[in-house]
Amino acid sequence: MTKQEQIAPVLGINARMVEILRDLDAIGKNARNQAQGFNYRGIDDVYNAINPLLAKHGVFMTAEVVGKTREERTNAKGTVLAFTCLHMRYHFRAEDGSEVSTEAEGEGMDSGDKSSNKAMAVAHKYALLQAFCVPTKDLDDPDKESHEVAPATAPPPVR
């Protein structure tokens, strides 16, 4: 029996998450958004780095939709898109029944039936990145940029 196998059954969720933090390396921004010209960490890169550590340390997650908004938007080409915002709660759980939760929001837009799926993927990615403080070598501070935003328009009437 390895040292990990001897220790794992007695560790609650907090200790297991600390062990994951110790084992987790930086996840670089290796994917590229060609249209807007920026690099990002893809969901697959995040899953590929974190999933083996969750399994190794006996941690699993469940998801809960806490809030949802959905509206239609039209892009510059006239295509109608579904825009979905989800407020998600994720529960990290260990074999002993201990758990810790975190919340994240995700937004997704799609011309078909995938806007909720995209919003869930974004929320899950950021829940994992924030819960484990995942570093990247080129992390920009959010205060580095500013945006000029046009005034909000009134939402369409509810029918």
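Fully extending the segment from Arg73 to Glu148, taken as 0.36 nm per residue of separation minus the present Cα-Cα distance, adds 24.9 nm.
Nearest 0.05, what FRET efficiency do His87 and Asp25 give at R0 = 35 Å with Cβ-Cβ as r? Computed FRET efficiency for His87 and Asp25: 0.75. Rounded, prolate or oblate: which fits region 41-92, taking a ≥ b ≥ c as square roots of the Cα gyration tensor eigenvalues, rounded meaning a/c under 1.5, else prolate when a/b beats b/c? It is oblate, given that a/c is not under 1.5 and a/b is not larger than b/c. For the pair Tyr40 and Asn14, label points projected 7 Å from Cα toward Cβ lie 3.5 nm apart. For the pair Tyr47 and Glu95 in one chain, pulling the backbone fully straight at 0.36 nm per residue adds 15.2 nm over the alpha carbon distance. Report note on the peptides 86-93, 70-77, 52-59: ranked by the mean count of other C-beta atoms within 10 Å, highest first, their order is 86-93, 52-59, 70-77.
To the nearest 0.05, what FRET efficiency results for Val80 and Asn117 with a Förster distance of 25 Å applied to their C-beta separation? Once rounded, the FRET efficiency stands at 0.90.
What pairs in Lys29/Lys68; Lys77/Lys125; Lys29/Lys56; Lys29/Lys125; Lys68/Lys118 have C-alpha atoms more than 20 Å from each other? Pairs exceeding the cut-off: Lys29/Lys68; Lys77/Lys125; Lys29/Lys56.
Extension gain, Asp110 to Ala55: 0.36 nm times the residue separation minus the Cα-Cα distance gives 16.6 nm. Taken over the C-alpha atoms, region 18-159 has Rg and Dmax values of 17.6, 53 angstrom. Dividing the mean sequence gap of close Cα pairs (under 8 Å, 6+ apart) by how many residues region 1-108 holds gives a relative contact order of 26 percent.
Just so you know, all these numbers are worked out from the coordinates, no wet-lab data involved. Everything numeric here is computed off the predicted structure, so don't read it as measured data. Glycine also receives a Cβ, built like all others from the backbone with ideal geometry; neighbour counts cover every protein chain displayed.
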